[in-house]
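Presented below is the structure to which this report refers.
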Amino acid sequence: MYVQDNKAIVFAFDAKTGLNLWKTKIDNGGGGMHGLTYDKGIIFADTGSAATVAAINATDGKIIWKSQKLGPLSIGYGVNSPPIVWKDYVVVGSAGGDNPPNTGEVQGNITAISRTDGHLLWNFKTTFGNWVGPGKSPPNGGATTWSGGSFDPATGLLYIPTGNATPDFNATTRQGEQLYANHMLAINITNGKLVWATPFIAQGTVLKNVKIPDTFDHDASWGSTISIVKFDNGINKKIVVGSDKRGDAIAMDALTGKPIWWITLGTIFGTNVDPQRNGSGLVMPGASGGVQAYHAVDNNNTLYFATTSTAQNFFLRGENAFAEPVMNATKSGIGNGTITAVDAKTGQIKWQTPIEFPTRVSPLVTNGVVISGYITSAGKPYTANSFGLPIDSPLAQTGIVMALDKDTGRILWTFNVGTAVGIGGPSVGNGMLFVTTGVSGGPIGSLYAFGLPK
């Protein structure tokens, strides 16, 4: 098995014993890297802030090739998404441009490089139109593709969601249509051409009670899934599902992008008011809320979402803002979560299990159970950081791995790993469940293996 940390180091482990077989530092990048891809004996990995992609021999960890830098590091450009690999194409997204002093300077894109040697094949720019024209002060950008997406080899289409427009919290210079921020994009993998684009929190959306332009960082960049669903009329249709940080999910026709159903799973409050110098007042979900993890899908037409409804107050500072947690807005005073099962045919909720704390772990469904998790605090009283995550000084965050019955949502078991659970979610192999952790209050970069029910 293979793991990547946030210092651009890739590790290989014996899955049975946990023994480290090799480790390779692939560049001087770091921060926010979201996954590896294994294909035919080769590991493909991004390098975050170094803005490169590397191909690594999966047997010995030796670097086969490393791409050129895919964007300007000086303005905060990075490559954070898990590569999508098919034939000679290695496709990655972009990140950056949210933070001072480079707010708005990064304009997102999707890039394909050659599997053979990493040379550039095509690049699709995800910002388009006058809103990103020269002379804007501050500059406008965003629509980055940091979470990656999915690929359908039957049609050759990539399904890549895009992030929010930047500056995040001040839309003064970016009024009107902001293509293609907060969209799901279908891209032809062979030539990088756009096939369709469906808006989430953007002009033309089907979602309800949406204020545009987005000024709360409610970007749609939370991955995508592809499923073949048999509808009640007996017709099988291929659908693509995506979600945003407001807690919305949309199912789309995979060939046309036409929305089939849409649902809001987050708690919506106060999002009709922009960030203000003296504070926006209570906003739910905040910039770190909504559907905070990729969703999972099983072969029974069911989707599983992890949601978090953080409560925040946004204080505007120029083109930027900072968010303070609003305590006592929810039962825990931090931002409650849910694990929700949704019918892939209709968008109707099958069951919903409330969680007292932020559920920031991507769900996984296997062997009749849904695996997810949440981040809690070791004691009371609760405090929270600017992302609404619980802090209980001097006690630190802890992470809970949990299993639920996939048909009922009943919690089967929980396990405290003693530190923040990795939001990328668990994985399975060799009859085991593998869970990664973060660094807060526990062993740095821990890896846990659990047995799975037969």
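Just so you know, all these numbers are worked out from the coordinates, no wet-lab data involved. Bear in mind the structure is a predicted one, so any value in this text is a computation, not a measurement. For neighbour counting, all protein chains shown are included, and Cβ atoms are generated from backbone atoms with ideal geometry for every residue, glycine included.
Altogether, the Stokes-Einstein calculation at 20 °C and 1.002 mPa s, with the Kirkwood radius of the chain over Cα pairs as Rh, returns a diffusion coefficient of 97 µm²/s. Amide H contacts of THR271 (H built 1.01 Å from N, in plane; Pro and chain starts excluded): MET284 sit under 5 Å, all sequence-distant by 5 or more or on other chains. For region 242-293, trypsin sites (Lys or Arg not before Pro) are listed when DSSP marks them as loop and at most 15 other Cβ atoms sit within 10 Å of their Cβ; the list is ARG277. Under a 5 Å amide H cut-off, with hydrogens placed 1.01 Å from N, VAL195 pairs with ALA186, ILE187, ASN188 among residues at least 5 apart or on other chains.
Annotation: peptides 294-304, 44-54, 135-145, ranked by per-residue average of other Cβ atoms within 10 Å with the highest first, follow the order 44-54, 135-145, 294-304. Net length available on complete extension from THR190 to LYS25 is 56.3 nm, with 0.36 nm assigned per residue and the Cα-Cα distance removed. Projecting the Cα atoms of GLY76, ASN57, ALA8 onto the charge dipole of region 1-114, computed from C-beta unit charges around the Cα centre, puts ASN57 farthest toward the positive end. Remark on GLN178: its backbone amide H falls under 5 Å from those of GLN203, a criterion applied only to residues 5 or more positions apart or on other chains, H modelled at 1.01 Å from N.
Averaged over residues, the count of other Cβ atoms within 10 Å places the peptides 2-8, 119-125 in the sequence 2-8, 119-125, highest first. Karplus-based coupling profile of region 252-265, in residue order and whole Hz: 10, 5, 5, 8, 10, x, 5, x, 9, 8, 8, 8, 10, 9, with θ = phi - 60° in 6.51 cos²θ - 1.76 cosθ + 1.60 and x standing for Gly or Pro. Excluding same-chain neighbours fewer than eight residues apart, the lysines reachable from LYS350 by a Cα-Cα span under 16 Å are LYS406. Backbone phi angles across region 125-141, fed through the Karplus curve with coefficients 6.51, -1.76 and 1.60 (θ = phi - 60°), yield HN-Hα couplings of 7, 8, 10, 8, x, 5, 5, 10, x, x, x, 6, 9, x, x, 9, x Hz in residue order; Gly and Pro are listed as x. Using the Karplus relation 6.51 cos²θ - 1.76 cosθ + 1.60 with θ = phi - 60°, the per-residue 3J(HN,Hα) values for region 74-91 come to 5, 10, x, 5, x, 10, 10, 8, x, x, 9, 10, 7, 6, 8, 9, 10, 10 Hz, with x marking Gly and Pro. The magnitude of the dipole of the chain, with charges of +1 and -1 set on the Cβ of Lys/Arg and Asp/Glu and taken from the Cα centre, is near 360 debye. With 18 Å as the limit, the listed pairs LYS193/LYS245; LYS40/LYS69; LYS7/LYS66; LYS40/LYS62 have LYS193/LYS245; LYS40/LYS69 beyond it between alpha carbons.
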